[in-house]
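Below: the structure, in structure tokens.
The values are calculated or read from the model by the stated rules, or taken from the named source; none is laboratory data. Please read these numbers as outputs of a predicted model, since none were measured by experiment. Methodologically, a virtual Cβ is constructed for each residue, glycine included, from the backbone with ideal geometry; neighbour enumeration extends over all protein chains shown. Heads up: the accessible areas ignore ligands, DNA and RNA and are worked out on the full protein's heavy atoms, side chains in. Shrake-Rupley method; radii C 1.70, N 1.55, O 1.52, S 1.80 Å.
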Amino acid sequence: MSILSGLFSSDMAIDLGTANTLVYVKGKGVILNEPSVVAYHVKDGVKKVLAVGEDAKLMLGRTPGSIEAIRPMREGVIADFDTAEEMIKHFIRKVHKRTTFSKPKIIVCVPHGATPVEKRAIRQSVLSAGARRAGLIAEPIAAAIGAGMPITDPTGSMVVDIGGGTTEVAVLSLGDIVYARSVRVGGDRMDEGIVNYLRRQHNLLVGESTAERIKTSIGTARMPDDGRGIAMTIRGRDLLNGVPKELEITQAQVAEA
Ligand SMILES: Nc1ncnc2c1ncn2[C@@H]1O[C@H](COP(=O)(O)OP(=O)(O)OP(=O)(O)O)[C@@H](O)[C@H]1O
Ligand SMILES: [Mg+2]
């Protein structure tokens, strides 16, 4: 039960996701939910944080040379240490204005499949970002508690979490994980699939955000019954002559991708 008691004595909890970061503050609920993206302004080799979260995501894939938008999390864990730290600091500062904790005790969700090195990196980032103490909790346990599953009962509860970077399946009982598998495949891989399909089949270059928009608006893994499904118009760059091009893409094509 140590995991659970640790969880309830924390001031703040962070879900540091590949796609989105959520911050929960005791007594207030989830008060922050923003994309895990940091945009830097780069001048003479010196980086300065320009935007974090929602504002930074808008810049992804459409930055001029002097601005760099980075997603510090890949496949569920920290891929860019410094950027992750900047991001955590920014989010903690942002929620701080609305709370009374000076040096909060923070608990962070990590994928069940994270390695010891990855776990240490996450803790270290949270501590450097100003936490008094940093604890970790396995994502499937956190998800099950959030979903109100009876995880402390001697019955099995199953959690399936498809995120941006990882997909986790876990069976919980008596407050702990009985069985879990984590694969480093998630929504990002689907976006990549769409980008690659459009490049191969249509010589059209689209960015990550366009691919994500296609996925969330008309995406399907199942071939539509009429062999076509709903269509949407997208814009990208023609790889043959470099000019912008518009194209209609159907559900059937997304399923194929
Ligand atoms: N309506 C939708 N249909 C399909 N995919 C969606 C939809 N809405 C969001 N997604 C995808 O879900 C993913 C984000 O999920 P989530 O916020 O749970 O990930 P995360 O917790 O940040 O990632 P991880 O747990 O892997 O670190 C993104 O790939 C996003 O494109
Ligand atoms: Mg997640």
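Within the range 141-161, work out how many residues are over 14 Å from G17 (Cβ atoms) and within 16 Å of ligand 1 (Cβ to nearest atom).
Here the count works out to 6.
Could you check the range 36-49 and list, in sequence order, the residues that are surrounded by fewer than 15 Cβ atoms within 10 Å (Cβ to Cβ) and within 16 Å of ligand 2 (Cβ to nearest atom)? I'd like the intermediate steps shown before the answer.
Just the residues of the range 36-49 that are surrounded by fewer than 15 Cβ atoms within 10 Å (Cβ to Cβ), to begin with: 41-46, 48.
Answer for the range 36-49, where residues must be surrounded by fewer than 15 Cβ atoms within 10 Å (Cβ to Cβ) and within 16 Å of ligand 2 (Cβ to nearest atom): there is none.
Out of everything in the range 14-27 that is more than 13 Å from ligand 2 (Cβ to nearest atom) and modelled with pLDDT of 90 or more, what residue ends up being farthest from the chain's Cα centre (by Cα)? Full working, then the answer.
First pass over the range 14-27, keeping only residues more than 13 Å from ligand 2 (Cβ to nearest atom): 23-27.
After this cut, where a residue has to be modelled with pLDDT of 90 or more as well, the list is 23-25.
Values: V23: 13, Y24: 16, V25: 19 Å.
Among those residues, the one meeting the criterion is V25.
Scan the range 50-64 and give yes if some residue there is under 30 Å from P140 (Cα atoms), touching a helix residue (DSSP H, G or I) at 6+ places or on another chain (Cβ under 6 Å) and open to solvent by 30 Å² or more (accessible area, probe 1.4 Å), otherwise no.
no
When you check S157 against the structure, is it within 16 Å of ligand 2 (Cβ to nearest atom) and open to solvent by less than 80 Å² (accessible area, probe 1.4 Å), yes or no?
no
Go through (1) assigned to a loop (DSSP other than H, G, I, E, B); (2) in contact (Cβ under 8 Å) with a residue 24 or more places away in the chain; (3) of a type in the set (G, A, S) for G148 and report which single condition fails.
Checking G148 against (1) assigned to a loop (DSSP other than H, G, I, E, B); (2) in contact (Cβ under 8 Å) with a residue 24 or more places away in the chain; (3) of a type in the set (G, A, S), the one that fails is (2).
Kindly indicate whether G227 is surrounded by 15 or more Cβ atoms within 10 Å (Cβ to Cβ) and away from ligand 1 (no atom under 16 Å from the Cβ).
In short, no.
Of the conditions (1) within 14 Å of ligand 1 (Cβ to nearest atom); (2) open to solvent by less than 20 Å² (accessible area, probe 1.4 Å); (3) among the β-branched types (V, I, T), I78 clears all except one; give me its number.
(2)
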